[in-house]
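Asker: Sending over a structure as structure tokens; questions will come in a sec.
Just so it is clear, none of the values below were taken in a lab; they were calculated from the coordinates. Every value quoted in this text rests on a predicted model; they were computed, and no experiment measured them. Cβ placement follows ideal geometry from the backbone for every residue including glycine, while neighbour counts extend to all protein chains displayed.
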Amino acid sequence: MSRRFFALSDVTGRIEALLAPAFGKRFWVRAEISSGRERGHFYCDLVETDPDRGVVAQLRCTIWERDLHRIRASFKAAGLELQLENGTQVGMECEINFHPRYGLSLTGRDMDPAFALGELELRRRRILEALARDGLLERNARLAVPMLPNRIALVTSPGSAACEDFVKTLSESPFGFRIFLAGAAMQGPDTA
């Protein structure tokens, strides 16, 4: 049996030719950020997962610095902080790219703040439902609070700017507060 061998560059050239009609066209993708890292530009994998099968789709994605600044500004205008952490669900406008050496990837051009707000609200509701189910939601409301509480429990991410600002503000007050820090993830997959 005779075999016909193709040069790898011929194969990648053919793939590029087949994908050429899609280059420059934008489309919206719903995915989860994985392996994210920011170095001026933001590099990550976009993944889709299924509870039973794990990762069912994955593509490399880059958001160029100029687009990242514009996206952050649009989130800020919507009253949100752009969270680009592993596990974050995003609604992203993308373009498809193909390079003979580096393969198939996406370029992120825009993100939908409303999508992010919907995800955050959904997470918030799930957390509140779990707290209510465990009888923890109204627990503090039943406690008597003195006029000036001097023992305060702070639930936040240790070492975060929020934690440091809160502790600094109380430390500068004339009252003797005792702060008990309960470390908790404020964003990402471990938030609940």
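Asker: Counting only residues that are over 30 Å from Gly87 (Cα atoms) and polar (S, T, N, Q), which one in the stretch 154-190 is farthest from the chain's Cα centre (by Cα)?
Answerer: Top of the filtered list is Ser173.
Asker: Can you name the residue in the stretch 113-147 that is within 30 Å of Glu93 (Cα to Cα) and touching a helix residue (DSSP H, G or I) at 6+ places or on another chain (Cβ under 9 Å) and is also surrounded by the fewest Cβ atoms within 10 Å (Cβ to Cβ) among such residues?
Answerer: Only one residue tops the list, namely Pro113.
Asker: Something else about it: Condition first: assigned to a helix (DSSP H, G or I) and more than 29 Å from Thr88 (Cβ to Cβ). Can you find one or more residues in the stretch 148-165 that meet it?
Answerer: no
Asker: Looking at the stretch 167-181, is at least one residue within 27 Å of Ile63 (Cβ to Cβ), in contact with a Pro (Cβ under 8 Å, 6 or more places away or on another chain) and surrounded by 12 or more Cβ atoms within 10 Å (Cβ to Cβ)?
Answerer: no
Asker: Go through the stretch 116-147 and give me each residue that's assigned to a loop (DSSP other than H, G, I, E, B) and not hydrophobic (A, V, I, L, M, F, W, C).
Answerer: Asp134, Gly135, Glu138, Arg139, Pro146
Asker: Among Glu65, Glu81, which is the only one that is free of Cβ contacts under 8 Å to residues at least 40 places away in the same chain and touching a His at 6+ places or on another chain (Cβ under 8 Å)?
Answerer: Exactly one residue qualifies, and that residue is Glu65.
Asker: Oh, and also: Give just the number: which of (1) in a strand (DSSP E or B); (2) surrounded by 14 or more Cβ atoms within 10 Å (Cβ to Cβ); (3) touching a Lys or Arg at 6+ places or on another chain (Cβ under 9 Å) does Leu104 not satisfy?
Answerer: Exception for Leu104: condition (2).
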